Amino acid sequence: MLTPHAALIYAMVIVSGSDRTMTDEELALIGDEVTHLPVFSDYNKDQLIADARACGTLVRQDNGFRKALDAIAAALPAHLRETCYLLACDVAGSSAPVGPEEARVLQLLRQALKLDRLTTVALERATRARWMALHP
């Protein structure tokens, strides 16, 4: 069973690795989010690398991606499910444009978290607005 903190990290890691490449920007963002967001205020930051590696190990197992999604959903209280999805969207948006692999992982994550479509569209739009460049 994952901790809620680990579940949030797993969500960010699976989105980052969905295209088989974890960019420096994505890794830096994960580190920044863990360092600065209130949801991680009581998380042992020294555990981040171990949690990210554990996620990678799980995903490489037979049916590991599905197991990771199920573990994320099981570990999160209802009030953190939107936070989880937003963090995953942030990672996907940090290396715009969002590719088909990342979009598919986000779709599977929102299904696993049982988030309604209106909520997820709003979170996705907020992410796009956050990552907009001055000159498109």
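Below, the figures for the structure above:
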item: Residues of region 33-50 satisfying the condition of being closer than 20 Å to Leu106 by Cβ and part of a helix (DSSP H, G or I); result: Glu33, Val34, Val39
item: Evaluation of Met22 against (1) within 30 Å of Met132 (Cβ to Cβ); (2) in a helix (DSSP H, G or I) (one fails), failing number; result: (2)
item: Residue in region 65-80 that is farther than 16 Å from Gln111 by Cβ and open to solvent by 70 Å² or more (accessible area, probe 1.4 Å) present; result: yes
item: Cβ-Cβ under 7 Å pairs, at least 6 apart or on other chains, region 76-98 side of a type in the set (D, E, K, R), far side assigned to a helix (DSSP H, G or I); result: Glu82/Thr119; Glu82/Leu123; Asp90/Leu29; Asp90/Glu33; Asp90/Thr127
item: Residue within region 58-69 that is in a loop (DSSP other than H, G, I, E, B) and touching a helix residue (DSSP H, G or I) at 6+ places or on another chain (Cβ under 8 Å) present; result: yes
item: Only listed residue being over 24 Å from Gly31 (Cα atoms) and part of a helix (DSSP H, G or I), chosen from Leu118, Leu80, Leu109, Leu134; result: Leu118
item: Complete set of residues in region 25-44 that are over 19 Å from Leu113 (Cβ atoms), at pLDDT 95 or above and either open to solvent by 50 Å² or more (accessible area, probe 1.4 Å) or among the basic types (Lys, Arg) (or both); result: Asp32, Thr35, His36, Pro38, Ser41, Asp42, Asn44
item: Residue in region 24-57 that is nearest to Ala68 (Cα to Cα), counting only those that are within 14 Å of the chain's Cα centre (by Cα) and of a type in the set (Val, Ile, Thr); result: Ile30
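The values are calculated or read from the model by the stated rules, or taken from the named source; none is laboratory data. Note that the structure is predicted; figures quoted are calculated from it, not measured. All Cβ positions, glycine included, derive from the backbone under ideal geometry; neighbour counts span all protein chains shown. Accessible surface areas use protein heavy atoms only, side chains included; no ligands, DNA or RNA. Shrake-Rupley method; radii C 1.70, N 1.55, O 1.52, S 1.80 Å.
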